[in-house]
Amino acid sequence: MISKLPSIGETIFTTMNRIAAEAEAINLSQGFPGFSPDPKLLELIAHFTQNGNNQYAPMMGVPELRHAMVEKTAKCYGVNTHPDKEWTIVSGATQAVFSAVTAVVKRGDEVIVLEPAFDSYDPAILLNGGIPVHVELSPEDFAPDWDLIRSRINSKTKLIIVNTPHNPSGYVWTKNDLDQLAELVLEFGIYVVSDEVYEHIVFDGRKHHSLLTHPVLRSRTFVCGSFGKTFHITGWKIGYCIAVPELTIEFRKIHQYVTFTTVRPAQHALAAYLEDPNPYLELPSFYQKKRDLFLEGLSQTDFQFIPTQGSFFQQVSYAHLTDMSDMDLAKKVTRELKVACIPVSSFYSDAKDHKILRFCFAKEDSELEEAAKRLQGLSAIL
Ligand SMILES: Cc1ncc(COP(=O)(O)O)c(C=O)c1O
């Protein structure tokens with residue numbers, strides 16, 4: 001069979017998870033919490049499965065959850081959204097991004113992808129006959145380079161995919177970034193897919209600036225979110241897309257033929273759970289404690305790093321220590337120091353190697369402390 005995605009093989013997450021299991025390493029590679037969700041949420045999903053709610057949900061999601069999210073969005077961002085015309089509950093942010101890209105991109109359209117980038121963006125573009133145009137984020141701080149982005153836009157550019165807080169770098173977009181993007185949107189009439197799955201994981205008093213908050217961007221953007229990252233339930237694969245009615249109509253035309261609808265009891269459980277805002281309001285301090293604990297340990301190692309601004313990832317540089325490729329070092333650290341990580345070159349289409357590794361700190365404190373201790377052995381394995 002002729003592959004539709006010939007250059008796509010096993011993902012780096014599968015590779016590193018396998019090596020981590022073989023080495024019995026502490027697994028700080030893939031981005032998922034190493035602890036249980038709130039027991040209240042587990043009780044709620046049990047309750048809703050035992051009391052009906054086991055058949056198809058409405059295509060756009062159950063009204064209780066859409067209404068709860070409208071309220072939350074107004075509280076968090078001061079933005080009013082329409083529960084029926086602008087919200088669609090989907091099977092994870094990955095599906096939201098795929099459906100939004102599919103709604104917009106036609107054969108030959110160019111799509112700007114800011115790299116390093118989450119691995120689902122390119123395949124979504126390619127499967128729709130689009131052409132990914134990769135633009136590098138500044139390698140110093142991973143901020144968007146607006147002049148460079150502008151220089152890559154032309155009459156074929158249809159869409160830009162953005163991600164804030166950013167995986168893998170943790171960079172959190174500023175208001176100025178939103179203004180710069182809005183200028184391009186106005187000038188070139190492009191659409192935006194904004195991946196905001198880490199919206200509640202921001203540090204040192206920073207604020208997440210959702211693209212919903214910008215009037216120009218609000219009218220051209222599909223904002224994609226995930227309950228997985230916010231409530232420690234990545235295995236539930238439940239997320240959402242918010243977009244103005246004109247865009248939502250097109251989004252749903254795709255969504256209804258990808259999955260049609262999304263797991264129902266989870267939607268009811270989340271709607272009830274959202275009555276209490278504390279779980280998401282407390283998330284920044286919950287993760288900041290973990291970040292700081294991990295960084296305290298990392299400061300005893302030979303890695304260099306700048307504390308991550310958001311997300312639950314910390315990048316570390318070893319460029320001052322060796323020329324070894326990040327892929328080789330990631331495997332070596334996993335096998336010999338028994339701490340699994342991800343080489344950041346795997347987030348670049350051309351495998352650009354800035355000698356950076358990514359660690360996920362959404363893990364138990366004891367694991368983070370032990371992992372940092374093991375990483376003190378770095379110089380011994382170089
Ligand atoms: C930037 C980014 N977007 C999307 C996702 C996937 O979200 P979901 O599990 O809701 O599909 C992830 C998960 O790692 C991610 O890091």
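The values are calculated or read from the model by the stated rules, or taken from the named source; none is laboratory data. All of these numbers come straight from a predicted model, not from anything done at the bench. Here Cβ is always computed from backbone atoms with ideal geometry, including for glycine, and neighbour counts include all displayed protein chains.
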Problem set entry | Pairs, first farther than 17 Å from Asn167 by Cβ in the range 332-359, second acidic (Asp, Glu), C-beta under 7 Å, six or more apart | Lys338/Glu24; Asp353/Asp326; Lys355/Asp326
Exercise. Within the range 131-149, is there a residue that is within 16 Å of the ligand (Cβ to nearest atom), assigned by TED's automatic domain parsing to the domain that holds Leu181, among the acidic types (Asp, Glu) and in a helix (DSSP H, G or I)?
Worked result: no
For this session: From Val90, Val135, Val172, grab the single residue that is touching a Cys at 6+ places or on another chain (Cβ under 9 Å) and touching a residue at least 12 places away in the same chain (Cβ under 8 Å).
Result: Val90
Problem set entry | Tally, over the range 347-376, of residues that are charged (D, E, K, R) and within 23 Å of Val113 (Cα to Cα) | 5
Problem set entry | Whichever residue in the range 15-40 is within 16 Å of the ligand (Cβ to nearest atom) and either of a type in the set (Asp, Glu) or surrounded by 21 or more Cβ atoms within 10 Å (Cβ to Cβ) (or both) and, among such residues, is nearest to Val263 (Cα to Cα) | Gly31
Exercise. Of all residues in the range 73-87, which are assigned to a loop (DSSP other than H, G, I, E, B) and surrounded by fewer than 20 Cβ atoms within 10 Å (Cβ to Cβ)?
Worked result: Gly78, Val79, Asn80, His82, Pro83, Asp84, Lys85
Exercise. Among the candidates Val104, Val90, Val133, Val113, which residue alone is among the hydrophobic types (A, V, I, L, M, F, W, C) and touching a Pro at 6+ places or on another chain (Cβ under 9 Å)?
Worked result: Val113
For this session: Filter the range 192-224 for residues that are within 13 Å of the ligand (Cβ to nearest atom), assigned to a loop (DSSP other than H, G, I, E, B) and charged (D, E, K, R) and give the result.
Result: Glu196, Glu199
Exercise. Mind checking which residues of the range 323-339 are in a helix (DSSP H, G or I) and among the aliphatic types (A, V, I, L, M)?
Worked result: Met327, Leu329, Ala330, Val333, Leu337
Seminar exercise, completed: Ser285 fails exactly one of (1) crowded, with 18+ Cβ neighbours inside 10 Å; (2) polar (S, T, N, Q); (3) assigned to a helix (DSSP H, G or I), namely (1)
For this session: Could you check how many residues of the range 225-260 are surrounded by fewer than 22 Cβ atoms within 10 Å (Cβ to Cβ), part of a loop (DSSP other than H, G, I, E, B) and either within 16 Å of the ligand (Cβ to nearest atom) or not assigned by TED's automatic domain parsing to the domain that holds Ala96 (or both)?
Result: 3
